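One structure is given below, represented as structure tokens, and several questions about it will come after.
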Amino acid sequence: QVQLVESGGTLVQTGESLKLSCAASGSTFMIIAFGWYRQLPGKERESVALFSTGGNINYADSVKGRFTISTDDNNNAVYLQMTSLQPEDTAVYYCMATTYTALVWGQGTQVTVSS
């Protein structure tokens with residue numbers, strides 16, 4: 001089993017940067033992809049950035065050029081560096097990991113961007 005714990009969410013001002021972290025534990029050798037999702041108030045959860053251990057990276061159009069996903073070398077952590085934050089980025093951000101047999105979610109971390 002894999003467990004995920006996010007951290008780093010907080011209140012920031014428009015234009016500021018923030019880095020989210022997600023610590024993975026358990027059977028991390030089984031992870032084949034990581035992702036960051038977010039859920040805006042009143043909306044469904046949406047993909048923000050995806051990173052496969054094969055090296056493929058994909059970003060939502062709304063965050064391209066502003067957000068960067070990265071991992072450590074051992075599948076023990078995934079990060080989301082966010083720059084030029086806007087009020088519309090306000091959401092609960094969730095870390096996700098995929099293995100061959102399961103999809104695992106973290107508990108979420110709140111990011112609020114104040115104008």
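Can you find, within the stretch 6-32, the residue that is nearest to the chain's Cα centre (by Cα) among those that are under 15 Å from Thr53 (Cβ atoms), open to solvent by 20 Å² or more (accessible area, probe 1.4 Å) and in contact (Cβ under 8 Å) with a residue 60 or more places away in the chain?
Ranking the candidates gives Ile32 first.
Then there is this: Name the single residue, out of those in the stretch 69-89 being open to solvent by less than 30 Å² (accessible area, probe 1.4 Å) and either in a loop (DSSP other than H, G, I, E, B) or of a type in the set (Phe, Trp, Tyr) (or both), that is nearest to Lys19 (Cα to Cα).
Looking at residues that are open to solvent by less than 30 Å² (accessible area, probe 1.4 Å) and either in a loop (DSSP other than H, G, I, E, B) or of a type in the set (Phe, Trp, Tyr) (or both), I get Leu85.
Which ones in the stretch 64-94 are β-branched (Val, Ile, Thr) and out of contact with any strand residue (DSSP E or B) (no Cβ under 6 Å at 6 or more places or on another chain)?
Thr83
Within the stretch 4-19, is even one residue assigned to a strand (DSSP E or B) and among the β-branched types (Val, Ile, Thr)?
So far as the stretch 4-19 goes, yes, one or more of its residues are assigned to a strand (DSSP E or B) and among the β-branched types (Val, Ile, Thr).
Tell me which residues, restricted to the stretch 99-115, are under 15 Å from Val48 (Cα atoms) and out of contact with any Cys (no Cβ under 9 Å at 6 or more places or on another chain).
Passing the criteria: Gln110, Val111.
Turning to a different aspect of this structure: Give me a count of the residues in the stretch 90-115 that are farther than 15 Å from Asn75 by Cβ, in a loop (DSSP other than H, G, I, E, B) and open to solvent by less than 90 Å² (accessible area, probe 1.4 Å).
Number satisfying all stated conditions: 2.
The values are calculated or read from the model by the stated rules, or taken from the named source; none is laboratory data. Please read all numbers here as calculations on a predicted model, not as lab measurements. As a convention, Cβ positions derive from the backbone with ideal geometry for all residues, glycine included, and neighbour counts pool all protein chains shown. Keep in mind that these areas ignore ligands, DNA and RNA; they rest on the heavy atoms of the full protein, side chains included. Shrake-Rupley method; radii C 1.70, N 1.55, O 1.52, S 1.80 Å.
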